[in-house]
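**Student:** Structure provided below as structure tokens; questions to follow.
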Amino acid sequence: MPGEALGRLVGRQTELVRALIAGGPVPQGLDAGRVVATMMALRQKRAIAVARAWPVLAAVLGDELIDQFVAYAEHRPPAAFGALGDGLLFACDLARMGDLPAAARGELLAVSARLADRDGHVVRRTGVFVGGYRRGSPAGLVVLVRLPLLGVRELRIRLP
């Protein structure tokens, strides 16, 4: 295949991938309805994978998880670390908006001990991590500590 034709093909494929996973415009000459249907199917597939990787969040949000994640993923390509990374960015987004269910805070904390959201990119944590959240019933504080070579330890403190 001549170099110029190969360059055009690569450019068209890049446009199609951008439309399918990052909400870019549908490339000229393609059936917009089919591209949109495929794009929605891929987002729903990502949402189902997130529900499997984040069972507590999925149980708390129920059927809403799929709809909320599909809307969230509209202009966001898949994250590093697959469904675990996608779920981390989604849960962090819910937390920033004040919409993360209280029951899912422990799951977010557990994943955050291993992975971090760095400006919308998921990276593996390599150093010390200390995080926590206030639990409702029974009242208490949950603290997670991750130390290299020692792993993750959880401390539960009852509060009056």
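The values are calculated or read from the model by the stated rules, or taken from the named source; none is laboratory data. Computed from a prediction, not measured in an experiment: that's the story for all the values here. Neighbour counts are summed over all protein chains in view; Cβ atoms, including those assigned to glycine, are modelled from backbone coordinates with ideal geometry.
**Student:** Filter region 51-73 for residues that are part of a helix (DSSP H, G or I) and of a type in the set (G, A, S); which is surrounded by the fewest Cβ atoms within 10 Å (Cβ to Cβ)?
**Tutor:** Filtering region 51-73 for residues that are part of a helix (DSSP H, G or I) and of a type in the set (G, A, S), the one surrounded by the fewest Cβ atoms within 10 Å (Cβ to Cβ) comes out as A71.
**Student:** Let me ask something else about it. Failed condition for M97, given (1) surrounded by 17 or more Cβ atoms within 10 Å (Cβ to Cβ); (2) over 14 Å from the mean Cα position of the chain (by Cα); (3) closer than 27 Å to H75 by Cβ, with all others met?
**Tutor:** All conditions pass for M97, except number (1).
**Student:** Looking at the structure I just gave you, is A103 modelled with pLDDT under 95, in contact with a helix residue (DSSP H, G or I) (Cβ under 8 Å, 6 or more places away or on another chain), within 25 Å of S137 (Cα to Cα) and surrounded by 12 or more Cβ atoms within 10 Å (Cβ to Cβ)?
**Tutor:** The answer is yes for A103.
**Student:** Scan region 113-146 for residues that are touching a strand residue (DSSP E or B) at 6+ places or on another chain (Cβ under 9 Å), among the small types (G, A, S) and over 19 Å from L89 (Cβ atoms) and jot them down.
**Tutor:** If the condition is that a residue be touching a strand residue (DSSP E or B) at 6+ places or on another chain (Cβ under 9 Å), among the small types (G, A, S) and over 19 Å from L89 (Cβ atoms), then G127, G132, A139, G140 are the ones that fit.
**Student:** Taking region 1-34, which residues are closer than 22 Å to F69 by Cα and surrounded by 14 or more Cβ atoms within 10 Å (Cβ to Cβ)?
**Tutor:** The answer is L16, R18, A19, L20, I21, A22, G23, G24, V26.
**Student:** Which residues, taken from region 20-50, are over 19 Å from the mean Cα position of the chain (by Cα) and assigned to a helix (DSSP H, G or I)?
**Tutor:** Passing the criteria: A32, G33, R34, V35, V36, A37, T38.
**Student:** Additional query: Enumerate the pairs (first residue in region 18-37 and at positive phi; second residue anywhere and in a helix (DSSP H, G or I)) with beta-carbon separation below 6 Å, excluding pairs fewer than 6 apart on the same chain, so at least 6 apart or on different chains.
**Tutor:** G23/E74; G23/H75
**Student:** Sticking with this structure for a sec: Against the definition (of a type outside the set (K, R) and not in a loop (DSSP other than H, G, I, E, B)), how does G87 come out, yes or no?
**Tutor:** Spelling it out, G87 is indeed of a type outside the set (K, R) and not in a loop (DSSP other than H, G, I, E, B).
**Student:** Return the residues of region 111-132 that are surrounded by 16 or more Cβ atoms within 10 Å (Cβ to Cβ) and either under 18 Å from A53 (Cα atoms) or touching a residue at least 24 places away in the same chain (Cβ under 8 Å) (or both); say none if nothing qualifies.
**Tutor:** V111, S112, A113, L115, A116, D117, V122
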